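K.L.:
Sharing a structure, written as structure tokens. Questions coming.
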Amino acid sequence: MCRLRIAYAFALTAGLAGPLALVACSSGDTSGGQAPAQTTATATSRPDASPSATPTTMPSATTPPASTPTGRTSTPAKQPETGPEPGYDQTAFGRSTTVTNKWFPLRPGMRLNYRGQTIEDGEAIPHTVTSIVTDLTKVIDGVRNVVLWERDYTAGVLDEAELAFFAQADNGDVWHFGQYPEVYEEGQLTEVPAWIHGIDGARAGLTIKAQPQLGGRSYAQGWGPGVGWSDRARVFKTNQKTCVKAGCFQGVLITDEFSADEPGAHQLKYYAAGVGNVRVGYYGNDPTKETLELVSVQRLNKAALAQVRAEVLKLEKRAYQYSKDVYGRTAPMK
């Protein structure tokens with residue numbers, strides 16, 4: 001199952017610090033079904049007195065969460081669907097790099113910082129993720145994609161550096177066209193499980209829909225059979241509220257991500273409209289029990305963005321060296 005890897009949705013509109021209305025909620029609270037849905041989720045306060053810095057875990061997969069009185073919970077499928085997402089149309093991406101999906105807006109120069117933990121050998125290990133929307137793009141199967149750069153640290157040590165590619169279809173759905181991750185152990189590069197749409201059977205998948213709705217079939221978030229990428233998602237709850245270090249949000253969408261390769265493990269992602277992914281939680285038998293929350297957002301200036309561009313191009317240069325059969329068959333970023 002993919003973790004926050006770009007996971008994915010990353011830009012705040014101007015400022016968390018403007019005039020704001022208070023939302024009464026505690027960190028990890030997803031019970032706010034009575035709050036009206038928001039066109040744009042707003043950071044409402046810094047939860048300095050919140051009881052927890054990590055997301056609340058959910059019930060075991062053997063006892064699915066009951067529906068809320070308003071019916072805003074969708075129980076995950078007992079038998080996850082598999083296979084690539086149908087409906088991809090190369091001609092449906094007229095303005096592909098203008099990613100304005102309210103649940104997953106991508107604005108060049110936005111840096112989002114996440115903090116949480118994972119469980120390894122029964123021990124809680126600090127975990128941080130930094131995601132940056134670059135000003136570079138990459139054409140895949142004729143569709144120009146926005147390039148995201150993500151770095152994943154465990155106890156302050158780099159575990160993974162990744163390039164990920166996203167494009168918005170004309171109907172507002174955001175598609176994930178692939179990724180190039182470098183995985184490290186004790187500072188040594190161990191694997192580069194890249195998958196790119198159109199190469200070795202890989203197919204683009206839906207990161208998130210423009211109009212997410214409860215119920216119905218789950219959707220593939222990408223299909224990379226060569227590296228075992230088979231993540232799927234479905235809408236889990238709508239119109240929720242949650243508080244993280246970066247602020248409090250209402251009208252939150254929660255999706256449930258899972259994979260046939262990890263039966264019973266479920267990752268929950270919390271999306272605030274106009275912001276993106278603000279929290280990650282879990283339920284079921286997820287062995288890592290990963291939790292993350294958005295702690296800060298920065299808008300990079302031109303000089304900082306130029307430095308990011310240089311680092312990302314270095315990473316792509318390595319990608320052509322280490323992933324000749326997959327990444328080596330793609331056009332360079334611009």
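K.L.:
Does I208 satisfy the criteria of being buried (at least 23 other Cβ atoms within 10 Å of the Cβ) and within 22 Å of S96 (Cα to Cα)?
P.N.:
It is true that I208 is buried (at least 23 other Cβ atoms within 10 Å of the Cβ) and within 22 Å of S96 (Cα to Cα).
K.L.:
For E257, only one of the following conditions fails: (1) in contact with a His (Cβ under 8 Å, 6 or more places away or on another chain); (2) outside any strand (DSSP E or B). What is its number?
P.N.:
Of everything listed in (1) in contact with a His (Cβ under 8 Å, 6 or more places away or on another chain); (2) outside any strand (DSSP E or B), E257 misses just condition (2).
K.L.:
Being in a strand (DSSP E or B), closer than 23 Å to V275 by Cβ and open to solvent by less than 80 Å² (accessible area, probe 1.4 Å), is that true of even one residue in the range 297-316?
P.N.:
Of the range 297-316, the ones in a strand (DSSP E or B) are 297-299.
Narrowing the set further to residues that are closer than 23 Å to V275 by Cβ leaves 297-299.
Restricting the remaining residues to those that are open to solvent by less than 80 Å² (accessible area, probe 1.4 Å) gives 297.
Scanning the range 297-316, I find at least one residue that is in a strand (DSSP E or B), closer than 23 Å to V275 by Cβ and open to solvent by less than 80 Å² (accessible area, probe 1.4 Å), so the answer is yes.
K.L.:
Moving on. Do we find a residue being surrounded by 20 or more Cβ atoms within 10 Å (Cβ to Cβ) and part of a helix (DSSP H, G or I) anywhere in the range 317-329?
P.N.:
Yes - at least one qualifying residue is present in the range 317-329.
K.L.:
Could you check A92 against (1) modelled with pLDDT of 95 or more; (2) surrounded by 17 or more Cβ atoms within 10 Å (Cβ to Cβ) and say which number it fails?
P.N.:
The one condition A92 does not meet is (2).
K.L.:
Whether any residue in the range 240-250 is open to solvent by 20 Å² or more (accessible area, probe 1.4 Å), basic (K, R), in contact (Cβ under 8 Å) with a residue 24 or more places away in the chain and farther than 30 Å from S296 by Cα is what I want to check.
P.N.:
Narrowing the range 240-250 to residues open to solvent by 20 Å² or more (accessible area, probe 1.4 Å): 241, 245, 250.
Filter once more, keeping what is basic (K, R): 241, 245.
Checking the rest, the ones that are also in contact (Cβ under 8 Å) with a residue 24 or more places away in the chain come to 241, 245.
Imposing the further condition that a residue be farther than 30 Å from S296 by Cα reduces the set to none.
Within the range 240-250 (the criterion being open to solvent by 20 Å² or more (accessible area, probe 1.4 Å), basic (K, R), in contact (Cβ under 8 Å) with a residue 24 or more places away in the chain and farther than 30 Å from S296 by Cα), the answer is no, since none of the residues qualifies.
Conditions tested, residue by residue: (1) open to solvent by 20 Å² or more (accessible area, probe 1.4 Å); (2) in contact (Cβ under 8 Å) with a residue 40 or more places away in the chain.
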position	(1), (2)
L148	no, yes
R151	yes, no
L158	yes, no
A167	no, yes
D170	yes, yes
P181	no, yes
Y184	yes, no
G187	yes, no
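K.L.:
Charged (D, E, K, R), part of a strand (DSSP E or B) and over 16 Å from Y320 (Cβ atoms) - does that describe any residue in the range 167-184?
P.N.:
No, the range 167-184 contains no residue that is charged (D, E, K, R), part of a strand (DSSP E or B) and over 16 Å from Y320 (Cβ atoms).
K.L.:
Any chance the range 192-201 includes a residue that's under 17 Å from Y320 (Cα atoms) and either touching a Cys at 6+ places or on another chain (Cβ under 7 Å) or in a strand (DSSP E or B) (or both)?
P.N.:
yes
K.L.:
Do you know which residues across the range 137-158 are in a strand (DSSP E or B) and either modelled with pLDDT under 95 or of a type in the set (V, I, T) (or both)?
P.N.:
Of everything in the range 137-158, those that are in a strand (DSSP E or B) and either modelled with pLDDT under 95 or of a type in the set (V, I, T) (or both) turn out to be T137, V139, I140, V143, V146, V147, T154, V157.
The values are calculated or read from the model by the stated rules, or taken from the named source; none is laboratory data. Just so you know, these numbers come straight off a predicted model, no measurement behind them. Every residue, glycine as well, gets a Cβ built from its backbone with ideal geometry; the counts of neighbours run over all protein chains shown. SASA here: full protein model, heavy atoms, side chains in, ligands and nucleic acids out. Shrake-Rupley method; radii C 1.70, N 1.55, O 1.52, S 1.80 Å.
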